[in-house]
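Working notes, beginning with the structure itself.
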Amino acid sequence: MDAEALQSIVATNQWGAIWPEILLGCLAVVLLFVDLFTKSRGVITVRIAIWSQVLLLVFLLGRFVFGSASGELGSHYFSGMILQTASTEWARLFFLFASICVCHIGGVYLASRKLAKVEFYHIVMIITAGLMLLAQANDFLLFFVVLETVTIGFYILVAYARHSRFSLEAGLKYLVMAAFSSAIMLFGIVLLYGVAGNPNLPMTASMPLNFDQLAAFIAADDGSIANRGNLMVTVGAALVLIGIAFKIGAVPFQIWVPDVYQGAPTPVTAFLAVASKAAGFIVLFLLLRGPFADLDFLWVPLLTVIAVLTLLFGNIAALGQRNVKRIMGMSGVAHAGVLLLGVLAAQQVDWAYKAVWFYLFVYALASFAVFTVMAHVAPQEDSDQSLERYDNLIRRQPLLGTILIIGLGSLAGIPPLAGFVAKLLIFVAAFQAELYTLLGVALLGVVLSIYYYFAWIRAAVMKHPFVEDSETAEIPSPTFGSKVFMITLAAATIVLGVYQGMFAIGG
Amino acid sequence: MIALESYILVAGLLFAIGAFGVLLRRNTLILFMCLELMLSASILGLIAFSRYNATAEVAMMSGNLLVLFIIAIAACEVAVGLAIIVTLWRRQQTVDVSELTALKN
């Protein structure tokens, strides 16, 4: 390779393009040092963690809304490894927002427990930086490295409550299942790499791991040989999609969800339910609209079957649960089914893409509200959260009860809350895309979901006849900051149910 | 010279042995070895493809690069995974998956 070609490659290495991720990584390291030199037992570090991320979020939001970033959008960096578009900016905002919420819930959770404090925020911020990069990945090398950074961070977080056998067991189960899915995905990547670099096929890619080159390779068709029909291409793509199905918890790859959601500490469950699932869907869009765009004969039937099973299984399995973390896990599987419906609709109806984004945001708002309440109500043994614990919550802690009702109402899709509009948008998109069978299954799922969400709400607003007041544990009042946080989430849920204007931009 | 197909066959076999090991074995340490076996299968496949697909014009280096990253990632995974397994052993005195049944509805 001559010096000029090398120069042109080096010129694309613009570190300024990924400064939010770099800054987040540096902040995470700074946190460790702050904790080393202060004796505050985590009070200062959680404030630094949250407020520095809020500042970053406000700055990115301002840059996004007022359009000073528009000049850089749609550009490649690092020899085509990173592709930044308007939707990667959305992803950055989304993951940063999720990180702030998780740090806050983590603060609530850690305040009453004898666990390491600062390491939690450190790992959350590293994972967030990884997730932000994952949305911008345009090359399987970066994609896999970042995905594994995120996954290994989650291993630690799931087993974070290391004195609890539940947390450790969940950590082990998550470790085995996530490593298994990553290995499957990696083998798919290897097959795609091998076939796309084959010099004997039409259009050989010189860098087969690059998404653009892979897309061009799969689309290539010289009349006699069509690459999309190649066995290695289809098997490779199917293995990669199976790996992603594990991440989003779609049936039949959801077996890890209930156990891991129950055993993981509540803030980590929230992080898994929102950020990890959103990352799966962002990656799914990235691949289906990029390299796998010409393989729709493969993934449309595959995802249709998965979506039907996911919608049915998630909702039916949630019906019988008594542990609220398992309910959130199973209903999270059902929400993944609705999102898959949106992904399939986006194949024919272009605006369904935005509907999926809107759904992810609304799901994040409502989920974080519910998980914050859960972190407040949880007993010392975090995985043991039964419905009975919520008995008469609305009178014992009126604010927690109200927030819980708003959050669960939005998840169930009750008007005028945002969850209703989000579901409606996806269903309208599915209707326009003529996915009638899937739509019917999804509607049935909504009816079922009302049953288990309202069983929870009923526990919170009614007094159980056989439970004495003395038997219910004392629930401490939330701090002022936590109250403001929960009211903000609930207010955003109500406002987005009435007015969705801000989602008209970008996307 | 050994044909590319032989390498891919071995890689596929390694991957299948690893995958079935993860699904069928109950000892956590053996599960872990099987996971590493699956990663090794991918490494073998990447190297074989990189070597055989390279021509005079195209060096086909990105696969070799990915191998280095996979090795690093596998090391991280083992570090975290063994830490979890050791902590679990200290608490439960077992690393058998079928005896880990605390998480039930």
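Every number here is computed from the coordinates shown, using simple stated rules; none is lab data. Keep in mind the model is a prediction, meaning the values are calculated, not measured. Neighbour counts are summed over all protein chains in view; Cβ atoms, including those assigned to glycine, are modelled from backbone coordinates with ideal geometry.
Using only the alpha-carbon atoms, how far is helix A:296-319 inclined from the longest principal axis of chain A? Give it as 0 to 90 degrees, nearest 10.
Relative to chain A, helix A:296-319 is tipped by roughly 10 degrees.
Per 0.36 nm of contour for each residue apart, how much would the distance between A:Ser8 and A:Tyr436 grow if the chain were fully extended, relative to their Cα-Cα spacing?
149.0 nm
Which ordering of A:Lys247, A:Lys463, A:Lys423, A:Lys354 is given by a fewest-first count of other beta-carbon atoms within 10 Å?
A:Lys463, A:Lys354, A:Lys247, A:Lys423
What shape does the range B:4-94 have by the C-alpha gyration tensor, where a ≥ b ≥ c are the square roots of the eigenvalues, rounded means a/c under 1.5, and otherwise prolate means a/b greater than b/c and oblate the rest?
Oblate shape, in that a/c is at least 1.5 and b/c is the bigger or equal ratio.
Roughly how tilted is helix A:324-345, in degrees to the nearest 10 and between 0 and 90, from the longest Cα axis of chain A?
Around 30 degrees separate the two axes.
Arrange A:His335, A:His122, A:His376 by Cβ neighbour counts within 10 Å, fewest through most, would you?
Starting with the residue having the fewest Cβ neighbours, the order is A:His122, A:His376, A:His335.
I'd like the orientation of helix A:86-111 relative to chain A: the angle between its Cα long axis and the longest Cα principal axis, in ° from 0 to 90, rounded to 10.
With both axes taken from Cα atoms, the answer is about 30 degrees.
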